[in-house]
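The values are calculated or read from the model by the stated rules, or taken from the named source; none is laboratory data. These figures come from a predicted structure and were not determined experimentally. As a convention, Cβ positions derive from the backbone with ideal geometry for all residues, glycine included, and neighbour counts pool all protein chains shown.
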């Protein structure tokens with residue numbers, strides 16, 4: 001941290017700010033923050049980059065979760081089980097992260113993102129209104145399964161987790177985009193905390209850098225959550241398509257160049 005130039009600190013701070021905004025609206029801040037950390041900290045190991053990204057992200061998801069909760073009042077019967085099992089899934093994913101090659105995930109994630117993006121793009125009415133597809137225990141079970149699977153993915157790899165939560169809550173459970181984004185932020189907060197529970201004992205977190213970016217991420221998360229609430233589901237939907245498209249381009253390049 002002491003050796004970093006003022007320009008590097010500015011880059012990391014701006015990356016954290018924008019990542020917090022993106023994460024608060026639809027998820028996907030890692031698309032901004034991870035490359036910035038790689039560029040700004042060329043001597044850091046991959047696990048240090050991932051751990052420091054989680055520390056910064058948890059600051060933004062904390063404030064955006066509180067903002068959404070105060071303004072949207074999401075149903076705890078959904079976000080409670082979703083958060084709990086997302087936490088457990090992320091714990092398991094973080095534990096096995098070092099044993100799973102990144103190359104095994106990227107083509108699968110790329111195909112999933114293409115399907116997700118196409119589904120939302122060509123169904124303009126999806127996510128406009130809340131029309132729940134399950135009731136009672138079936139609804140809870142769907143939330144639990146979503147939390148476990150996406151939580152595991154976040155702990156093991158991570159990029160796009162928030163967007164996968166949003167899409168699952170819209171496409172599978174039937175929430176509108178704004179309500180889905182509120183619940184997704186809470187679940188993403190849980191997965192970030194779970195991953196830190198694994199990374200902190202390993203000594204992988206670069207605290208000064210992570211807290212610097214976290215402060216900027218927090219501001220971005222607050223502004224992003226308030227913007228999403230003010231602009232509504234239509235704005236969140238458009239932003240979702242843009243972020244997923246950026247992920248597809250980024251992952252597609254990695255797969256083709258690898």
Go over the candidates 180, 190, 195, 184 one by one and state the one that is part of a helix (DSSP H, G or I), under 18 Å from the mean Cα position of the chain (by Cα), within 14 Å of residue 22 (Cα to Cα) and in contact (Cβ under 8 Å) with a residue 12 or more places away in the chain. 184
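Whether any residue in the range 101-115 is assigned to a helix (DSSP H, G or I) and more than 18 Å from residue 160 (Cα to Cα) is what I want to check. Don't jump to the end; show me each part of the working.
To start, the set of residues in the range 101-115 that are assigned to a helix (DSSP H, G or I) comprises 102-115.
Pick out the ones that are also more than 18 Å from residue 160 (Cα to Cα) and you get none.
Within the range 101-115, not a single residue is assigned to a helix (DSSP H, G or I) and more than 18 Å from residue 160 (Cα to Cα).
Give the residues of the range 23-50 that are surrounded by 24 or more Cβ atoms within 10 Å (Cβ to Cβ) and assigned to a helix (DSSP H, G or I), sorted by residue number. Give the derivation first.
Of all residues in the range 23-50, those surrounded by 24 or more Cβ atoms within 10 Å (Cβ to Cβ) come to 23-30, 33, 37.
Of everything in the range 23-50, those that are surrounded by 24 or more Cβ atoms within 10 Å (Cβ to Cβ) and assigned to a helix (DSSP H, G or I) turn out to be 23, 24, 25, 30, 33, 37.
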Only one of these conditions is not met by residue 8: (1) assigned to a helix (DSSP H, G or I); (2) within 18 Å of residue 189 (Cβ to Cβ); (3) at pLDDT 85 or above. Which number is it? (2)
Looking at (1) surrounded by fewer than 24 Cβ atoms within 10 Å (Cβ to Cβ); (2) touching a helix residue (DSSP H, G or I) at 6+ places or on another chain (Cβ under 6 Å); (3) not in a loop (DSSP other than H, G, I, E, B), find the lone condition where residue 168 falls short. (1)
Is there any pair with a first residue in the range 148-168 that is on the phi > 0 side of the Ramachandran plot and at pLDDT below 95 and a second that is crowded, with 24+ Cβ neighbours inside 10 Å and in a loop (DSSP other than H, G, I, E, B) whose Cβ atoms are under 9 Å apart and which are 6 or more apart or on different chains, and what are they? 160/27; 160/28
Among the candidates 247, 240, 235, single out the residue that is more than 20 Å from residue 59 (Cβ to Cβ) and modelled with pLDDT of 90 or more. 235
What number of residues in the range 228-240 are part of a helix (DSSP H, G or I), surrounded by fewer than 16 Cβ atoms within 10 Å (Cβ to Cβ) and in contact with a helix residue (DSSP H, G or I) (Cβ under 7 Å, 6 or more places away or on another chain)? 0
Taking residue 129 and the conditions (1) at pLDDT below 80; (2) closer than 19 Å to residue 234 by Cβ, which numbered condition does it fall short on, given that it satisfies the others? (1)
Tell me which of these residue 78 doesn't satisfy, since it passes every other one: (1) within 25 Å of residue 116 (Cα to Cα); (2) within 16 Å of the chain's Cα centre (by Cα); (3) touching a residue at least 24 places away in the same chain (Cβ under 8 Å); (4) outside any loop (DSSP other than H, G, I, E, B). (2)
Residue pairs, Cβ under 6 Å, 6 or more apart or interchain, first in the range 243-257 and in contact (Cβ under 8 Å) with a residue 24 or more places away in the chain, second not in a helix (DSSP H, G or I). List them. 243/26; 243/28; 247/160
Picking from 132, 141, the residue that is more than 16 Å from residue 55 (Cβ to Cβ), part of a helix (DSSP H, G or I) and free of Cβ contacts under 8 Å to residues at least 60 places away in the same chain would be 141
Filtered residues of the range 16-44 (kept if more than 15 Å from the chain's Cα centre (by Cα) and in contact (Cβ under 8 Å) with a residue 24 or more places away in the chain): 36, 37, 39, 40, 41, 44
